[in-house]
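The values are calculated or read from the model by the stated rules, or taken from the named source; none is laboratory data. Computed from a predicted model, the values in this text were never measured in an experiment. Don't worry about glycine lacking a Cβ; one is built from the backbone with ideal geometry, like all the others, and counts go over all protein chains shown. Areas reflect the complete protein model, heavy atoms only, side chains present, ligands, DNA and RNA absent. Shrake-Rupley method; radii C 1.70, N 1.55, O 1.52, S 1.80 Å.
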Amino acid sequence: MADRLSARAFLALLTDDFTELPRPPSLPEPPDGPLGWHGYDASRARAAERTGEEESVVCGTGRVEGTPAVLLAFEFGFLGGSLGRRTGDRLEAAYAYARAHRLPVVPLVATGGSRMQEGMLALTQLQRVARQSALTREAGLPQIAVLRDPATGGGWATLGAGADVVLALPGAQVGFAGSRVRPPGADPAAYTAEAQVAAGSADAVVPAGELRATLGRWLRLLTAPSAEPAPVPEPLGARDLPVSGWDAVRRARSPERPHAGAYLDAYFTHRVALSGDRCGGTDPDGMLCGFGEHAGRTVAYAAQTGTATRPAGYRTAARLVRLADRLGVPVLTLVDTPGAAADAEAERQGAGPAIADLFAALASVTTPVTTLLIGEGGSGGALALAAPGRTWATPDSYFSVIAPELAAAILKRGPEETEATAGQLRLCPLDLAELGVIRTGDQLFPGTGDRRSEERM
């Protein structure tokens, strides 16, 4: 990128202030470094003169839109932003400072990888960084990476891809393989920020002029834990209850019924999107995930959009739930799908394991989860997103072990018996309440009170 900024210029772009952390003591080195690489000392001296830095990373504290954080800014002009032992010393000390002061960590990645002149001692710095990142994750502190240009090699595979949220500058070169070590004929478009977002490995591409505001919003949302459950959203569609099971199905399938986007817009003052399953997939048409502000509090959300949910959608939702749990943020899930995608490609992408992982995530979290069924609740593909014992439903929704048409077919009934089969499945909201599957209340069903199930779904 022609407009590549230095580490300190980039810090000035993002922070309201910046204070560099004290530089940790480092082991004395023999001439030309631990390997005695001829000319290494001279290369470092030229890099220091050119950049004004003594190492390839600048670590310190600063406020981003008012939220304090520890920032790790790579200086690409210093030997390509490469990681050596002294880089590792600085990064380790910065992570330790973040944990001691309960601050989020923001790596600003611009590196070509590990420093050749230090050999395997440089490469093992990735293990140090990975451990510091893991300890910070265990401490319940968020890590938000910003990918500059380039973000390649071990720096991408630890500080970048290992963060909770990954933002990237437009057109930035991002990939494990740097430009000089890729296979001949490799498609350069695959090694870009945009390609990493499309592959589910990064969350968003953000123009430099919008980065401070975007990063500030993420930091505010992810550093505001709350022990209170997310309130149940108000229903946006029908308020009267369906007269039959088939009426409930018909309402839930109506194209005029409000869907997830309308509910999220009404519920949140503002929100930011988490994208991708970190396994090579996205499901932007089937699952919406992220964090937002509701009544002054942070709430995480995972919302189905009314289409068949793909494996990447389930994995992204599981990622969201586990991140919210680790940060102490309550979760809202909106259930609305005719079922999990059942095509051959979905099976090849691991539909079963993806659904199992989401079931496990919701079964094991300690943060409160609130679920609202807003449309179709088709079998296990819908139930996987529902909080056990804390699920509500709108009047224009249904939950069923199987779609009425498929149930009739399995029972060898004709199409004319589909409506009667829907009634037998007892899938409409009041049936579900009587069965103890969902909760009700005046907010959703006027005059019903609150029927609380003591059973786990």
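The table for this structure:
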item	result
Restricting region 209-225 to residues that are small (Gly, Ala, Ser) and either open to solvent by less than 30 Å² (accessible area, probe 1.4 Å) or outside any loop (DSSP other than H, G, I, E, B) (or both), the residue that is farthest from Thr370 (Cα to Cα)	Gly209
Matching option when the condition is open to solvent by 10 Å² or more (accessible area, probe 1.4 Å), free of Cβ contacts under 8 Å to residues at least 60 places away in the same chain and assigned to a loop (DSSP other than H, G, I, E, B), among Ala342, Ala363	Ala342
All positions within region 94-113 that are open to solvent by 40 Å² or more (accessible area, probe 1.4 Å), in contact with a Leu (Cβ under 9 Å, 6 or more places away or on another chain) and modelled with pLDDT of 95 or more	Ala96, Tyr97, Arg99, Arg102
Complete set of residues in region 175-208 that are surrounded by fewer than 16 Cβ atoms within 10 Å (Cβ to Cβ) and at positive phi	Gly185
Matching residues, region 71-84, being under 22 Å from Phe176 (Cβ atoms) and either open to solvent by less than 50 Å² (accessible area, probe 1.4 Å) or touching a helix residue (DSSP H, G or I) at 6+ places or on another chain (Cβ under 7 Å) (or both)	Leu72, Ala73, Phe74, Glu75, Phe78, Leu79, Gly80, Gly81, Ser82, Leu83, Gly84
Options Thr61, Thr15, Thr19, Thr51; residue that is of a type outside the set (Phe, Trp, Tyr) and within 17 Å of Leu169 (Cβ to Cβ)	Thr15
Of all residues making up region 411-437, the number that are touching an Asp or Glu at 6+ places or on another chain (Cβ under 6 Å) and polar (S, T, N, Q)	1
Of all residues making up region 1-36, the number that are among the polar types (S, T, N, Q) and open to solvent by less than 40 Å² (accessible area, probe 1.4 Å)	1
Which listed residue is basic (Lys, Arg) and at pLDDT below 90, from Arg426, Arg390, Arg439	Arg439
Tally of residues being closer than 15 Å to Thr394 by Cα and not in a loop (DSSP other than H, G, I, E, B) across region 226-255	7
Scan of region 378-424 for residues that are open to solvent by 30 Å² or more (accessible area, probe 1.4 Å) and among the charged types (D, E, K, R), ordered by number	Arg390, Glu405, Lys412, Arg413, Glu416, Glu417, Glu419
Breaking point among (1) out of contact with any helix residue (DSSP H, G or I) (no Cβ under 7 Å at 6 or more places or on another chain); (2) under 28 Å from Val205 (Cα atoms), for Val243	(2)
Pick from region 380-412, criterion in contact with a Leu (Cβ under 9 Å, 6 or more places away or on another chain) and part of a helix (DSSP H, G or I), ranking: farthest from Leu334 (Cα to Cα)	Ala407
Single match in Glu53, Glu49 (criterion: assigned to a loop (DSSP other than H, G, I, E, B) and either modelled with pLDDT of 95 or more or over 40 Å from the mean Cα position of the chain (by Cα) (or both))	Glu53
Matching residues, region 241-272, being in contact with a Leu (Cβ under 8 Å, 6 or more places away or on another chain), under 22 Å from Ala224 (Cα atoms) and exposed (fewer than 15 other Cβ atoms within 10 Å of the Cβ)	Ala266
Residue check, Ala303 in contact with a strand residue (DSSP E or B) (Cβ under 8 Å, 6 or more places away or on another chain), touching a residue at least 60 places away in the same chain (Cβ under 8 Å) and surrounded by 24 or more Cβ atoms within 10 Å (Cβ to Cβ)	no
Pairs with Cβ under 9 Å, 6+ apart, first in region 42-60 and without any contact (Cβ under 8 Å) to a residue 40 or more places away in the chain and closer than 20 Å to Gln125 by Cβ, second surrounded by fewer than 21 Cβ atoms within 10 Å (Cβ to Cβ) and acidic (Asp, Glu)	Arg44/Glu54; Ala47/Glu53; Ala48/Glu54; Glu55/Asp89; Cys59/Glu20
Single match in Glu138, Glu118 (criterion: among the acidic types (Asp, Glu) and surrounded by fewer than 20 Cβ atoms within 10 Å (Cβ to Cβ))	Glu138
